[in-house]
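Data first, discussion second: the structure below is written as structure tokens.
All of the numbers you see were taken from the coordinates with simple rules; none came from a lab. This is a predicted model, so every value here is computed, not measured. Please note: Cβ atoms are built from the backbone with ideal geometry, for glycine as well, and neighbour counts cover all protein chains shown.
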């Protein structure tokens, strides 16, 4: 079998071409992951999908096929899936890492996973992990061990799906992102009970929510975040999309501060992540980024009074009992 029937279906012209069904997308991605698809055909398929605009069914079908190739997650699934796949060229420090730590402190185990977030010119996410007190795992088993011990872990994409990384890096060849970027955000490789996702382009908020519903996600929050990450701007009203108990959900979160700064205009020394956590410096804007983002993630996980809870967690972050 080749990708030709799928390419033919999409590429027959403006009036006759169509999107793939979910089953077709699953079969196409399965063929790609098997290594039996011609590389030219893979590029053609992904670029046709980009030109047409990927659908929720196509994203879900791709993700389903990819899930079937992943190692099994050992033990109980984490409580929160936190993908980090934004390039980060328009953002500052990855404050969301501290937000994820607060969520873990609240008793919600967090798996952060990702790849191209290391491209930020200010602070690569992977380089910032030690500064944020988050351990990096070499595989799913080690990620589960780190989460069991510390409540949170980072798992690189190449550690759980080298094939997906190869597809993602086709951007360097094709010069454009593809549906793979969206697929990896909705993948949820450990089967976490809740998920948070950031986007750079607003239309992807509803697309990812719809794909999540098809994939059986119960609780999900998607926002247009800093550089495409799940990270809220504290001085803006935030539109939220996603799922609650498997049903479509939309809400808004009002601004927390009156401050006109951009996220990229905050502190830009990577060591400031550790200093802010330790209390060695004070920056109300950065603290509001951390607290506000954590509150939205806690709400996704089903907690109540989330903003006061996040503020309490931040105030008590040095208390051993809170860890």
Using alpha carbons only, how many degrees (0 to 90, rounded to 10) separate the axis of helix 140-150 from the longest principal axis of the chain?
20 degrees
So for R0 = 30 Å, FRET eff. of residue 258-residue 318 from the Cβ-Cβ r, to 0.05, ends up at 0.55
The exposure ranking of 154, 204, fewest beta-carbon neighbours within 10 Å first, is 204, 154
Contact order normalised by residue count of segment 4-53, Cα under 8 Å, 6+ apart, percent:
41 percent
Let me make sure I get this right: for segment 252-301, a, b and c are the square roots of the gyration tensor eigenvalues over alpha carbons, sorted descending. Under 1.5 in a/c it's rounded, otherwise prolate if a/b > b/c, else oblate. Which is it?
oblate
Neighbour-count order for 303, 262, 16, fewest beta carbons within 10 angstrom listed first
16, 262, 303
Can you show me the helix-derived [θ] at 222 nm for the chain, built from DSSP H runs with n ≥ 4 at -39,500 (n - 2.57) apiece and divided by the number of residues, rounded to the nearest 500.
-13000 deg cm²/dmol
Efficiency of FRET from Cβ geometry, residue 12 and residue 139, R₀ 35 Å, rounded to 0.05
0.25
Solution diffusion estimate, µm²/s, Stokes-Einstein, segment 4-53, Kirkwood Rh from C-alpha pairs, 4 °C, viscosity 1.567 mPa s
118 µm²/s
Can you compute the FRET efficiency between residue 68 and residue 275 using 1/(1 + (r/R0)^6), with r the Cβ-Cβ distance and R0 = 45 Å? Round to the nearest 0.05.
0.55
Return, ordered by residue number, the residues of segment 46-72 whose backbone nitrogen is under 12 Å from a label point located 7 Å along Cα→Cβ of residue 176.
46-54
With the 8 Å Cα cutoff and a minimum separation of six or more residues, the chain has a relative contact order in percent of 19 percent
Gyration tensor (alpha-carbon) shape descriptor, segment 131-283, a/c threshold 1.5
rounded
The Cα radius of gyration of the chain, divided by 2.2 N^0.38 Å with N its residue count, comes to 0.98
Against the longest alpha carbon principal axis of the chain, how many degrees, from 0 to 90 and to the nearest 10, is the axis of helix 203-214 turned?
80 degrees
